[in-house]
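These notes concern the structure reproduced below.
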Amino acid sequence: MRIAVVSDVHANLHALEAVLGEVDKEGFDEMWCLGDVVGYGPKPNECVALVQKRTAICLAGNHDLVVLGKISVATFGGEAGAAAAWTREVLDAPAREFLMTLAPSAVTTGAELFHGSPRDPVWAYVLSEGAALESLLSTSEPLVLVGHSHVALALALEPAGDGVTGGLAPADTVAELATGRWLLNPGSVGQPRDGDARAAWALIDKVAGRAEFRRVTYPIEQTQAEIREQGLPSALAVRLAHGI
Ligand code: ZN
């Protein structure tokens with residue numbers, strides 16, 4: 001069983017298409033998406049349609065929920081709020097219908113999935129060893145998958161259950177899953193924030209007992225041009241080039 005895991009697409013169609021191209025080359029059995037399909041980016045409807053078609057499991061992220069009106073847009077400041085308000089205006093009926101069916105967490109055989117964290121699937125970030133430990137101790141499946149921070153991570157629970165090892169998971173990181181329980185964040189497809197501007201995703205191979213962290217280049221300038229064309233805040237275009 002090979003699972004391609006994506007997260008935080010954020011309506012960046014060129015990044016999503018580049019990742020899907022790589023995923024198709026690798027071959028996989030299922031694709032899972034950890035939420036935030038929309039928000040920030042210029043192509044929400046196209047991205048929702050692709051994610052709907054390709055994923056077996058898709059979570060709702062905080063941006064998706066704000067765009068749907070399930071959470072007030074006032075919870076977002078500046079650029080996130082402006083982009084969410086714009087996305088609300090342009091979101092088409094099929095995209096809205098699909099997003100309305102999603103929840104911020106899911107459990108499947110061998111894995112628990114959260115947009116944020118087990119403690120708060122919508123809003124909490126797992127960015128520290130303490131948060132990773134708490135997440136692993138409050139779940140039971142071998143794998144815990146999170147998104148939301150846009151930072152690729154791989155942390156393993158110590159055999160004694162009192163700490164974690166690992167941390168950032170830059171391109172080509174391999175996690176040996178057979179060694180125990182892991183918390184993984186595949187990173188962000190559409191707005192990476194770990195200093196690598198390339199689109200991120202992860203390939204979990206359950207038979208080989210490995211998770212591989214991948215990065216793929218995409219035409220950033222095309223997404224930047226679309227952001228500006230739509231009148232979205234230009235800072236959202238600038239940050240894509242820096243992976244922040
Ligand atoms: Zn996000």
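LYS53 falls short on exactly one of the conditions (1) within 16 Å of the ligand (Cβ to nearest atom); (2) open to solvent by 30 Å² or more (accessible area, probe 1.4 Å); (3) part of a helix (DSSP H, G or I), and that condition is (1). Of the residues in region 64-79, at least one is in a helix (DSSP H, G or I) and under 15 Å from the mean Cα position of the chain (by Cα). Taking the conditions exactly as written (open to solvent by less than 20 Å² (accessible area, probe 1.4 Å), in a loop (DSSP other than H, G, I, E, B) and among the small types (Gly, Ala, Ser)), does GLY39 satisfy them or not? Answer is yes for this residue. The set of residues from region 103-121 being open to solvent by 20 Å² or more (accessible area, probe 1.4 Å) and touching a helix residue (DSSP H, G or I) at 6+ places or on another chain (Cβ under 7 Å) comprises PRO118, ARG119. Scanning region 161-172 turns up at least one residue that is open to solvent by less than 20 Å² (accessible area, probe 1.4 Å) and either within 16 Å of the ligand (Cβ to nearest atom) or touching a residue at least 40 places away in the same chain (Cβ under 8 Å) (or both).
When you look at GLY167, is it more than 14 Å from the chain's Cα centre (by Cα) and assigned to a strand (DSSP E or B), yes or no? Taking the combined requirement at face value, the residue satisfies it. Residues in region 180-199 include at least one that is part of a strand (DSSP E or B), of a type outside the set (D, E, K, R) and open to solvent by 20 Å² or more (accessible area, probe 1.4 Å). Within region 119-137, residues that are more than 14 Å from LEU153 (Cβ to Cβ) reach partners that are aromatic (Phe, Trp, Tyr) with beta carbons closer than 7 Å, at six or more positions or on different chains, in the pairs PRO121/PHE114.
Give me a count of the residues in region 175-193 that are of a type outside the set (Phe, Trp, Tyr), more than 13 Å from the chain's Cα centre (by Cα) and under 21 Å from HIS150 (Cβ atoms). Residues in region 175-193 being of a type outside the set (Phe, Trp, Tyr), more than 13 Å from the chain's Cα centre (by Cα) and under 21 Å from HIS150 (Cβ atoms): 2 in total. For region 1-20, a tally of residues being away from the ligand (no atom under 14 Å from the Cβ) and either over 25 Å from ILE227 (Cα atoms) or part of a loop (DSSP other than H, G, I, E, B) (or both) returns 5. When residues of region 21-36 are filtered for being crowded, with 20+ Cβ neighbours inside 10 Å and either over 12 Å from the mean Cα position of the chain (by Cα) or outside any loop (DSSP other than H, G, I, E, B) (or both), how many remain? Adding up the residues that qualify gives 4.
Applying the criterion of being without any contact (Cβ under 8 Å) to a residue 60 or more places away in the chain and under 15 Å from PRO42 (Cα atoms) to the residues of region 194-230, the residue that is nearest to the chain's Cα centre (by Cα) is GLN224. Cβ-Cβ distances below 8 Å connect the following pairs, each with a first residue in region 141-153 that is among the charged types (D, E, K, R), a second residue that is at pLDDT 95 or above and part of a strand (DSSP E or B), and a separation of six or more residues or different chains: GLU141/VAL107; GLU141/ALA111; GLU141/GLU112. Close Cβ contacts (under 6 Å, 6 or more residues apart or on different chains) running from residues in region 28-43 that are touching a residue at least 40 places away in the same chain (Cβ under 8 Å) and more than 13 Å from PHE114 (Cβ to Cβ) to residues that are open to solvent by less than 10 Å² (accessible area, probe 1.4 Å) and away from the ligand (no atom under 15 Å from the Cβ) comprise PHE28/ALA4; PRO42/ILE227.
The values are calculated or read from the model by the stated rules, or taken from the named source; none is laboratory data. Keep in mind that this is a model prediction, so the values were computed, not measured. Heads up, the Cβs are rebuilt from the backbone with ideal geometry, glycines too, and the neighbour counts pull from every protein chain shown. Note: accessible area is taken over every heavy atom of the protein model, side chains too, but ligands, DNA and RNA are not part of it. Shrake-Rupley method; radii C 1.70, N 1.55, O 1.52, S 1.80 Å.
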